Each structure stands twice: as C-alpha cells, then as structure tokens.
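The values are calculated or read from the model by the stated rules, or taken from the named source; none is laboratory data. If you're wondering where the values come from, they're calculated on a predicted model, not measured in any experiment. Cβ atoms come from the backbone with ideal geometry, glycine included; neighbour counts cover every protein chain shown. Side chains included, ligands, DNA and RNA excluded: accessible areas come from the protein's heavy atoms. Shrake-Rupley method; radii C 1.70, N 1.55, O 1.52, S 1.80 Å.
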Amino acid sequence: MPKVDISGLRKYTVLFILLGLMVFFSFTSPYFLTVRNLTNIVIQNTYFIIVAVGLSFVMIGGGIDLSVGYQMSLVGVITAMAMVVYHLPVWLAVLIGLLLGTGLGFINGVIVSSIRIFPLIATLATSAVFQGISYLVSKANTFRAYPEQFLLLTRGKVLGIPFDILLALVVVVLASVVYSETTFGRRLMALGGNEEAARLLGIHTKRMKVAMYTICGFLTALATMVMISKANTTNSSFGPGTEFIALTAAIVGGVSFMGGEGSVPALVAGVFVLAVIGNGMQLAGWGTYAQFIVRGLILLGAVAFDEYQRNLQRNRQKGC
Amino acid sequence: MVAKIQPVVRSLYRNAGDFARRYAPLLILTSLVLLFTFISPNFMTVKNLTLMLRQVSFATISAVGIMFVMISGAIDLSIGSQIVFTNIVMAILMARYHVNPVLAILFCLFMGTFLGTVNGVLSVKLQIHPLIITLGTGTIYKGLGYIVANGKNIIGLPESFKVLGQGYIGPVPIPVLIMAVVALIGNFVLTRTYFGRYVFAMGGNPEAARLAGVDINRMRIITFAICGFASAITSVLLLSRVFSGQVFTGQGIEFDCLTAALLGGVSFIGGEGTIFGLITGVLIIGVLNNAMQLAGLPDFYQNVVKGTVLLVAVGFDMYQKRRRAKETIARVSTHG
C-alpha cells in the first residue's frame, strides 16, 4: 500500500486542526463560541503572535532561541522602571526597551555565530543570565500604574480595533513580505535549509545569524510592550514560559524545527491552536496544570509530524 | 635546524593544549578555593566545607546520570521535572497512604527509571533531537507533578525517613556518602565495562559504533533509564532533606548538572568525559555558590554567574574540538 501523501495538505493542516478544536470546544462549553470569548482569545494573544513571528525568523534560519521569555522579563522590568521609577517620558522608555531587546538579541546572535555553540545551549545560558539581571534590577519588586499614554497601546482603538491587534497585524504582514518578497527572506530559508550550501552560494552566514537573532530580540521587546501595557503591571516573573508557547506554536504552525521552512499565516494559526486549547480547557474547568501536559504532548506530536514529513520527502527524492 | 625543531614545538603546543584541557577544571577549582580562603575567613572551615559538599551532593548524583546520556551523544533537559514528579508522588505515598518508606523509595526509583525510559523510547522512535523531546516530556512531567500535588505542600512524612537527607555517619553527611558510592559505580561502569565502552563509542561516532555491532537504540534507551534512575535517587534525598513534598523541589537542577558536566570536560557532542572531571565541575559550581552565599549576595547573582560559566564552558569545549579537528586535518594532509 502506498503511503498517503499529505504534503499538499500540509499548508492547511493547522487550519483544520484549529477548526476541529473550535468545534470540539463549542460542545464542551456553551460560552466558548460567543463573540465575546472569541474576541478575548484574539486580544489575549497579540503578544504571543509577535513573539512567535520573531522566533520564526530564528527558527527558519536554522537556529532556536530559548531566551525570549527572560528577554521579556528584563525588557519589561527596565521599561516599567524607566516610566514608574525614573519618570522618563513614555516614548523614551519605550525606545530604551526596544533598544535593549534588540541588543539582547544581538548578543545571542554574536554568541551563536562566533563562538558557534549549539543555539539551544547558548540561549539556555543567556536566559539564565538575563533572568539574574532582571531580578537584580527589579530587586523582585512589582511595578504598576503606568502613564496613560503607555496604556493607550492596548486600550486605544482605531475604527473600533485595538491598537495592539493592528500592531500584530502589521508585524504579520511585514514578516510575510520579508519571507516571500525579499532577498533576505530567501537567504534565510537557504541558510536554514542547508548552511554549507548557503555559505558556498556566497551568503554571509555569520551576519545572517546575527541579523535573525537581532530581529527576534526586537520583536520580543515589542511584544513585551504589549504584554506589560495590557497587564498595567510587571515584575521579573512576567515573560518566562512564553518561549515554550511560542516555540510550540511555531512548530505546530509548520515552522520546521530543522530550519528552512515556514509560513506566517500558518504560524498565526499555530498560536491560535494553543490559545483555543488553553481557553477551551479553562472554560471546561480542566485547570491550568493540565495545560502543561497538553502543551508538551502537542509539542512532541508536532515535532514528530514534522519529522514524518521530512522522511516522506527524503524517500521521494531517493525514489527519483 | 628550524625544520627539526618545528614539529617538536608543535607537539609541545599540542601537549600543552591537552594538559590545559585535562587539568583546566582542577586549576580553576584550586585557584577559586585559594582565592576564597583568603577573602573569607569562614570559607576554609570543616563545617562550611561539609555543608558545601552536602549541598552539591544532590545535583552530583543527577549529574552522574546525565553524564551517561551526554557521553552517548544525547541530552536530558527533563531531569528537574522528573524530580518534581517523583518527589511529589513519593511524598503522597508516605504521608497520605502511609506506605512503608522503603517501599516508597523503591517505587520512586522505579518511577524515575520509567520516566527516563520514556525519554529514551521517544528519542529512538521519533528520531528528533533529545533536547526537544526532553523539553516536551519535561513540561509533561512537571504538569503531572503539579496536578498530583494539587497546589498543596505535602507534610507529615515519617520521622524515620529523615535520616537519608539529614543524617550523618561519623562526621560525613549521608548524601555525601551516597554521592561517593554513585560516582564510584558510575566510574566503574564507564571505564571498566563493555557497556561503558559502548556508551563512549556511540557518542564518538554512532555510525561506526553501529557497524561495530552496538545496538544504538537499546543503548540510547538504557542511558536515559540510568539518568532517570540517578535523578530518582536525587529525588529521594531531596525529599528527605526538605522533608515536605513541594513542587519547587528539583526545578532547574538540570541546569546545574549540565553546567557541571560541561565544566568538568564532559563533551556536549558526546564521546568524552570522566567522573573525576565531573566532580571537579560540580565542586567549582559548589564553591562559587557557597562563596556568593558567604558574601551575602542575593540568589540572582548566582544565575548571572552560572549562565556565564556555562557559556564559557561550552565555548571552551567547542574551541578544543575545532582545534583538534584542524590539527588532525593538518597531520593527515602533511603525512599523506
């Protein structure tokens, strides 16, 4: 019996999964399929989308960044302190935060590309460092009551649509354009697909790696702004754990763990798959910790599926 | 003349590199100990050193386990979560169901071995890098631990259970003794048995090992099971030390184990490592932690230092690997 070829459906698998989950949860809870709940799901996940897009740059380039969670923790604390403790103008505080995040990503990029440590270990180590610095700076304090202007980021609306949704939309559209229309995007895919080949093609692989981690750092910082503005409070424990959700969402959304593949719409669908599961499980009263387990299972399942697809492709290439 | 000297100088260099590689951890440890002896009068006391040894003993036992996995060319990031899960289950067995401590310990060891085996089987079946596998299973184990604990600290453990983590035999804390036994057994298995040689072989070159008749898949599962077993021992000792079942026990311990192993010269890519080096690595971290505590620095500094130390350790490991690769290429190309 020939193996079923599902690679053509690949693009839409995530969407099918998303729809299936929505149908499932609309049966388990009457509150799930209400406009209000669905709007909530979207609003609560704008910053996850931005982080996941950032992480996708790194993953498509064949790397990984486990430090985004503690990048958020550090950037959030510094931005909040700039506003609340030092009373800097909002634009300056946001600028500092964004620059800091970009800098943290840059550091990751330099470490990964020049010391050439396996990115998982390198970013695990930098995340411990970021965590330490974050707690040192915040002295484990919680900061709240941001200036009105900063809250506008998530409370302001244009044509009835919250700013942060528009922001996420802009990030998504820009990233899609970068991936599909620019040389940078194509080089990134080439780098992730086969680093040696990319190098021989004349792609400056070191510079590309620094660039993708820097982009990830910038977008992570942007997401941090949304996260702390939405919460109107922050401390050093805000952010950690995001890396796991973003990573899982990216893999569920078809961004290959081995690099070289990924599409932004599927990635967004991946974020919503996780969001819907979280929301649905909460409405069904299954508790927060059960979500740990489901997320772990989903991560393993998605990676396994990814690997299965690769094997299919490899076999087909051999067959030719 | 110059031509004659050159190879001598080159081999001297190479030997100096090997020397640095082999003894760098020991040199670092010695200089740290000397440094802190001068800085802090409280450091070089029997009491402090005993306390420090007991502190590191828990992570060391897990580190011996992760060493098997690392030498075989894999990695296990789920150790901390395994401990969270086994720790809570064992506490509940003893406190709520009044299971005999010996039985509870046996169950915990069995359960840890099982969790490790699951990691191994998944790595073999899914053929994904064990880093991602154990990141996933780690979340699952931790989630299970939280669910079982149900938001409570589990108290009311039998008094007789206290001795393992808190007791002494003569002047030596029991966890330190257990650590020594585990390290000796680990050393024996790695250096004196066929099994140990297979572990090195598959880490150095899996394909060559396979062709030489090593059952890579079975070995992968067994090394992960060993790692789970070792972490279960840590879990038993930690529960006895903390003396209440808490979900925070053991979290993040994989980071210490990994750093200690890398510091002590266990290669991240596999195929290399000695128990002696591992112990040195553990002690470096122990001394650093201890000195920072004595100096009254908050815990957060430790994270910064640990992360930096980990980066330096991996960086050094990679540097050595590349240097040796270059030398081999140079040697092969000059001698035809």
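Details
- Under a 5 Å amide H cut-off, with hydrogens placed 1.01 Å from N, residue B:168 pairs with B:174 among residues at least 5 apart or on other chains.
- Label positions at residue A:237 and residue B:44, each projected 7 Å from the Cα along the C-beta direction, are separated by 4.2 nm.
- Model label points for residue B:188 and residue A:182, set 7 angstrom from Cα along the Cα-to-Cβ axis, are 6.1 nm apart.
- Chain B, relative contact order in percent, only Cα pairs under 8 angstrom and at least six apart counted: 31 percent
- Descending principal axes extents, the range A:195-320, alpha-carbon based, whole Å: 52, 34, 22
- Anchor residue A:157: aspartates and glutamates whose Cα lies under 15 Å away (excluding residues fewer than 8 positions away in-chain): A:148
- Residue A:151 versus residue A:87: modelled label distance in nm, points set 7 Å from Cα along the beta carbon direction: 1.9 nm
- Set of the range A:87-118 residues, backbone N closer than 13 Å to the point 7 Å along the Cα-Cβ line of residue A:137: A:93-105
- P(r) histogram, all alpha-carbon pairs of the range A:48-310 included - 5 Å bins from 0, percent: 1, 6, 13, 17, 18, 17, 13, 8, 4, 1, 0
- Part-to-part distance (alpha-carbon centres) for the range A:15-41 and the range A:192-243, which is given in Å: 30 Å
- As a length-normalised measure over Cα pairs under 8 Å and 6 or more apart, the relative contact order of the range A:48-310 settles at 35 percent.
- Pairs over the 27 Å Cα-Cα cut-off, from the set A:139/A:230; A:206/B:125; B:142/B:306; B:47/B:162; A:209/A:230; A:209/B:306: A:206/B:125; A:209/A:230.
- R0 of 60 Å, Cβ-Cβ distance residue A:282-residue B:181: FRET efficiency to nearest 0.05: 0.80
- Gaussian network model of chain A, springs between alpha carbon atoms under 10 Å - residue of A:27, A:106, A:150 with greatest fluctuation: A:27
- If a spin label sat at a point 7 angstrom from the Cα of residue B:100 along the line to its beta carbon, no backbone N atom of the range B:140-163 would be nearer than 13 Å.
- Fluctuation leader among A:261, A:243, A:181 - chain A, Gaussian network, Cα springs under 10 angstrom: A:181
- Within the shell defined by Cβ-Cβ distances under 10 Å, the residues around residue A:232 carry a net charge of +3, with Lys and Arg each +1 and Asp and Glu each -1.
- Buried area at the B-A interface (accessible, heavy atoms, 1.4 Å probe, summed, Å²): 3100 Å²
- 3J(HN,Hα) couplings calculated from phi for the range B:326-333 with the Karplus curve 6.51 cos²θ - 1.76 cosθ + 1.60 (θ = phi - 60°) are, in sequence order, 4, 4, 4, 4, 4, 5, 4, 6 Hz; Gly and Pro show x.
- Solvent exposure, largest accessible area first (probe 1.4 Å, DNA, RNA and ligands not counted), of B:155, B:147, B:185, B:178: B:155, B:185, B:147, B:178
- Beyond 47 Å, the tail of the calculated P(r) for the protein assembly as shown holds 18 percent of the Cα pairs.
- Amide H contacts under 5 Å for residue B:77: B:134, B:135, restricted to partners 5 or more places along the chain or on a different chain, H placed in the peptide plane at 1.01 Å from N.
- Charge tally for residue B:82 (other residues, Cβ to Cβ under 13 Å; Lys, Arg +1; Asp, Glu -1): -1.
- Highest mobility in the GNM of chain A, judged by mean-square fluctuation with C-alpha springs under 10 Å and restricted to A:16, A:57, A:143, is found for A:16.
- Highest average first, the peptides A:168-174, B:56-62 ordered by how many other beta carbon atoms sit within 10 Å of their residues are B:56-62, A:168-174.
- The range B:32-320: C-alpha gyration tensor shape, a/c 1.5 cut-off, then a/b vs b/c: oblate
- Accessible area per residue in Å² at 1.4 Å probe, computed on chain B: 46 Å²
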